Amino acid sequence: MRNRVALDPDHRTLYSANLQPPPGYVFDIAVATTYSLDFETALSVPVTLAMFASEDRDALLTNILALLEGVERAAGRLVVFTDAGRMHAEPQPQSRLCSLLERMIVEVAAPNKGAFHPKMWALRFRSIDPDEPMRMRLLVLSRNLTRDRSWDVSLVLDGPVTGRRRARNKPLVDFLLRLPTLARAAVSYEARTLVEEAAFDIHRTDWEMPEGFDEVAFAVNGLGRANWQPDDCDRLGVISPFCDAEALALLVGRSRAMPGLIGRSDELAAIPEETLAGFAHVDVLDVLAEEEDGEEARPCELQGLHAKVYVADMGWNTTITVGSGNATCAGLKSGRNVELFATLQGKRSKVGMVETILGAEGIGRMCRPFVVGEVAAPDPAQREAEKRLDAARAELCGRGMTLRCEATPADDGAQLWRIRLIPSKPLLLAGMRIVQCWPITRGQNHGCQVLGALRRGEPCDLGAMALMDLTRFTAFSLRHEGGAELLFSTAYAMEGLPPDRDAAVLRAIIDSQDAFFRYLRLLLAERDDPFGAALAAHSGNGTWSWLGSADDAPLLEEMVRDFCRGGEQLRAIGRLLARLEPPADGPDPVPAEFRSLWETFRVALDEGSADAARSV
């Protein structure tokens, strides 16, 4: 029987499973960082955090009521920092629910004009037992917040929040507190407070070490401190999908024995042979490992190797460093990129060594030797076009770009809203042949050609739309003169955004009594009862009928039970009803009988609050 070694490819975990609370705890707050994200994955995260986990992300995305309630519950308790302009875009319209993510997603920029590249989660969980301490979880990942099916690596650390600061957590604390200062636009008070809370508790967390390891250390590159690089060691092993000759030469110099390297064929093809000759072996993932599940990836999905790992033999010890930094100059040496690393140390007799971790006992059994010349080196013209596209993206994500929203009547008298993209100055957009722009809720069929206007520094009319379609998330399709293309989204500050936009999205989703009662079940679902939340989120295809008399008593019982516990969920129902005012025309999704019933609960809640205030 083969001994277990660290980074065993047979030991895998789901992204959603890493976000689930430990037994006896519920989700409280979370701060995340990512280089890129797609809106569908970002929508599914609040449901996973606040309600229930689902292994089938695509199935979860079809349950729009569950998505809505997940976003509502996570509002003010989740913030995600992402590199500006790295949100994916799709040609088809995105869900209107994506607009509700505006309060959770913050675009940032690396201070040294590189990439904001860390992938991290800091989660706080609250115990159901008030006598138990808060617990923190730290995820240090190589994976972005996307649906990519590449080979990634993650470190999961859990621990209780204590009363004493832990010096080893200081780099994490400093990193978290810097995040709002990197934002491209103003960060809300709620988001700043959430980050400060997470940093305060991370500082006091006593991490429980993974099996076989004794110590953990953290490092951040690109924020003004000395850059993390592997220490001199007996032997070094490197796993990195992206690499360059300068960084690889640095790594060879840190290893007394010839190091090992696992990379990607297309990247290794650009490295001089004399640089690769400094490694004892250079491997790539076998094609069968890259396509192990037998499914074809969508064009936007990343496949193959994406993990970043540095393994070092140091006497009787082994250190394993995971995180976001590739074996590139920007990732390890220059400090241009913001990167996050976590280093575990353990006895090599317990966790393995370079030879076993990168060899046949570990990930090496999924690899084959790289053959020089097996793929062509990258086309210089293509690389230059990609640089021009990135430069254009950076211009479009500049601080001077804003959106302006103005009311405009439609021909039939309905109220519409017109959006204009306003540049503060003419943009260069060098090498671009086409620049098309549209709100993500509208899709590329409503895209406008804006290249000429932006080069002249003039406002661009993006069209008139219904209130529920208004969004700060704006998609761009760029085409270089040589034919290379780029599709991405970014978020702009919007002047004149109506304050009832979120309520309009909610009214568009809860458009029937059936939808209302199913959503009510979600509001009343216990936060420590994922099974009950999953049942409440059911699509209502006839198996469950929330309008039948058999459900009236249980629903009333749940409302009374919550009232006796303080009325947290009932107050959420009150906020819901305030936004679901009876329509001027058409059926009311809230039955008149329920509005009458609710008035009884509202008065009782108000009286309870008044009594509490008098007692204080």
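Please treat every number below as a calculation from the coordinates, not as lab data. Since we're looking at a predicted model, the values are computed, not measured. When we count neighbours, we look across all protein chains shown, and the Cβ atoms used for this are built from the backbone with ideal geometry, even at glycine.
So for the pair Glu374, Arg565, with labels modelled 7 Å out along Cα→Cβ, what separation do we get in nm?
So the two model labels end up 5.6 nm from each other.
With the Cα gyration tensor of region 235-379 giving a ≥ b ≥ c as the square roots of its eigenvalues, does the rule (a/c under 1.5 for rounded; else a/b larger than b/c for prolate; else oblate) give rounded, prolate or oblate?
Note, shape of region 235-379 comes out rounded.
Can you list the residues, at least 5 places off or on another chain, whose amide H is less than 5 Å from the amide H of Leu416, using H built in the peptide plane?
Placed amide hydrogens put Thr408, Ala410 under 5 Å from Leu416.
So what's the convex hull volume per residue for the Cα atoms of region 339-438, in Å³?
288
Normalized C-alpha radius of gyration of the chain, against 2.2 N^0.38 Å?
After normalising by residue count via 2.2 N^0.38 Å, the value is 1.04.
Whose amide H sits under 5 Å from the amide H of Val375, counting only residues 5 or more places off or on another chain, with H placed in the peptide plane?
Amide H neighbours of Val375, under 5 Å, 5+ apart: none.
When the gyration tensor of region 15-207 is built from Cα positions, what are the square roots of 5 times its three eigenvalues, in whole Å, from largest to smallest?
Equivalent ellipsoid of region 15-207: 25, 21, 15 Å, largest first.
Based solely on its DSSP helices, what 222 nm [θ] is calculated for the chain when runs of n ≥ 4 H residues each add -39,500 (n - 2.57) and the sum is averaged over all residues, nearest 500 deg cm²/dmol?
So the calculated ellipticity at 222 nm is -9000 deg cm²/dmol.
Please give every one of the lysines within straight-line cross-link reach of Lys113, meaning a C-alpha to C-alpha distance under 30 Å, and leave out same-chain neighbours fewer than 8 residues apart.
Reachable lysines: Lys170, Lys308, Lys333, Lys387, Lys425.
In region 387-495, what GluC sites (Glu not before Pro) fall in a loop by DSSP, with at most 13 other Cβ atoms inside 10 Å?
Glu481
Just how large is the dipole of the chain about the Cα centre, in debye to the nearest 20, putting +1 at every Lys and Arg Cβ and -1 at every Asp and Glu Cβ?
2060
What whole-number distance in Å separates the alpha-carbon centres of region 315-368 and region 549-602?
54
What distance in nm lies between label points placed 7 Å from Cα along the C-beta direction at Glu208 and Ala167?
Here the answer is 2.6 nm between the modelled labels.
Which loop GluC sites (Glu not before Pro) in region 142-217, with loop taken from DSSP, have no more than 11 other Cβ atoms within 10 angstrom of their Cβ?
Answer in residue order: Glu211.
Evaluate the Debye formula for region 319-387 with equal point scatterers sitting on the alpha carbons, no solvent, and hand back log10 of I(q)/I(0) at q = 0.22 Å⁻¹, in q order, two decimals.
Ignoring solvent entirely, the Cα scatterers give -1.07.
Hey, rough spin-label estimate for Asp234 and Ile128, points 7 angstrom out along Cα→Cβ, what's it come to in nanometres?
It works out to 4.8 nm between the two label points.
Run through all the Cα pairs of region 366-407 and give the fraction in each 5 Å bin from 0, expressed as whole percent.
Pairs per bin, as whole percents: 5, 15, 11, 12, 11, 10, 11, 7, 6, 5, 3, 2, 1.
Please give the peptides 21-28, 81-88, 416-423 ranked by average Cβ packing (other Cβ atoms within 10 Å per residue), highest first, as a rough proxy for protection.
Result, highest mean first: 81-88, 416-423, 21-28.
Tally Lys/Arg at +1 and Asp/Glu at -1 over every other residue whose Cβ is under 15 Å from the Cβ of Val372; what's the total?
Its environment carries a net charge of -4.
For region 381-500, what does the relative contact order come out to in percent, with C-alpha contacts under 8 Å and a separation of six or more?
It rounds to 30 percent for region 381-500.
For Cα pairs less than 8 Å apart in space and 6+ apart in sequence, what is the mean separation divided by the residue count of the chain, i.e. the relative contact order in percent?
15
Filter the chymotrypsin sites (Phe, Trp or Tyr not before Pro) in region 300-406 to those in DSSP coil with at most 10 other Cβ atoms within 10 Å of their Cβ, and list the result.
When the chymotrypsin sites (Phe, Trp or Tyr not before Pro) of region 300-406 are filtered for loop state and at most 10 Cβ neighbours within 10 Å, Trp316 remain.
What are the residues whose amide H is under 5 Å from the amide H of Ile29, where those residues sit 5 or more places off or on another chain and H is modelled from the backbone?
Result for Ile29 returns Arg124.
Considering only the other residues whose Cβ falls under 13 Å of the Cβ of Ala491, what net charge follows from Lys and Arg at +1 and Asp and Glu at -1?
For residues surrounding Ala491, the net value is +2.
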